[in-house]
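Beneath this line is the structure, given in structure tokens, with notes to follow.
Just so it is clear, none of the values below were taken in a lab; they were calculated from the coordinates. Just so it is clear, the model here is predicted, and its values are computed rather than measured. FYI the Cβ positions are ideal-geometry reconstructions off the backbone, even for glycines, and counts take in every protein chain you see.
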């Protein structure tokens, strides 16, 4: 006996994208480094619509600062092959003492901490240029009225 | 009473990277599209050391084909703030009828299927240029001999 699955892709609204990414605490920063699209998981939080992350000075931050970066957040269920993914595009900006005091306070108030403690982690804000997302859902064929137990 | 956590970052060997990515079925493709490092989750499998994915013809595949792409695979535990991440760098190559028959057979034998069925999914091989990874572990301070129950 075969159960036929139907999957559907839907596009998420900006509001849905923000609602979904607020449910997660880790995303993946995309930065172009020497022509490679480097992808690194990092913890994050939000200051309004701005993504806030921590990054070690130097290294990829040198490539990210003032550059086009992306931030991908998702939640995926491999078993049911469903989930959602949001791609945030923006400009990375390292926080410096020259920034507005209120902006510095708001950024630090997000409380993002790097997973590996160290003295040289900068605060980085990713200013949004655009956000998009999609969701894959799976609908079981309603012709098969087998009840939940049949899928266990 | 405070429990002090120590976290440690370790670099993974090539062999460890391959062993770990074989435990997962979804990774994130990184492709530079119009100067943006686009990051998209996709299901994958391996043909030896080659990543095999499916991608819709056109769109990002046009940007990925014969270009520098990355493929990030991770497993992250947000609760304990531990996990590993592997970044695979390579050259994407869309499978065509002009390819060697044995290569076509091996690629299709990986059985990768897109999560959303459709007629226009190409087979794409990502030929490795390099692979690197790291793992974050957390060690509890051994001075605190409280037993497991203390952390529940």
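Counting helices only, and only those DSSP H runs with n ≥ 4, report the 222 nm mean residue ellipticity of chain B as the sum of -39,500 (n - 2.57) divided by its residues, in deg cm²/dmol to the nearest 500.
About -3500 deg cm²/dmol.
Take A:78, A:72 and order them by how many other Cβ atoms sit within 10 Å, fewest up front.
Numbers: A:78 12, A:72 24.
Ascending number of Cβ neighbours within 10 Å: A:78, A:72.
Take every residue in peptide B:110-121, count the Cβ atoms of other chains within 10 Å of its Cβ, and give the average of those counts.
Across the residues of B:110-121, the mean count of other-chain Cβ atoms within 10 Å is 2.
May I ask for the Rg/Rh ratio of segment B:39-83, computed from Cα atoms with Rh as the Kirkwood radius, given to two decimals?
1.07
Mind jotting down the three principal axis lengths of segment B:11-140 based on Cα atoms? Whole angstrom, largest first.
55, 33, 28
For Cα pairs less than 8 Å apart in space and 6+ apart in sequence, what is the mean separation divided by the residue count of chain B, i.e. the relative contact order in percent?
In percent, rounded to a whole number, it is 33.
When you have a sec, figure out the Kirkwood radius of the protein assembly as shown from all distinct Cα pair distances and drop it here in Å to one decimal?
21.1
Let me confirm one metric for peptide B:38-44, namely the mean number of other chain beta-carbon atoms within 10 Å of its residues' beta-carbons.
The mean count of partner-chain Cβ atoms within 10 Å per residue comes to 6.
Could you list A:122, B:10 in order of exposure, starting from the residue whose Cβ has the fewest other Cβ atoms within 10 Å? Can you show the working numbers first?
Details: A:122 16, B:10 12.
Least to most surrounded, the residues fall as B:10, A:122.
Taking R0 as 35 Å, what FRET efficiency do you get between residue B:35 and residue A:22 from their Cβ-Cβ distance, rounded to the nearest 0.05?
0.80
Based on the Cβ-Cβ distance from residue B:138 to residue B:113, what FRET efficiency comes out when R0 is 35 Å, to the nearest 0.05?
E between residue B:138 and residue B:113, to the nearest 0.05, is 0.45.
Peptide A:27-34: average number of partner chain Cβ atoms within 10 Å per residue?
Taking all residues of A:27-34 together, the mean is 4.
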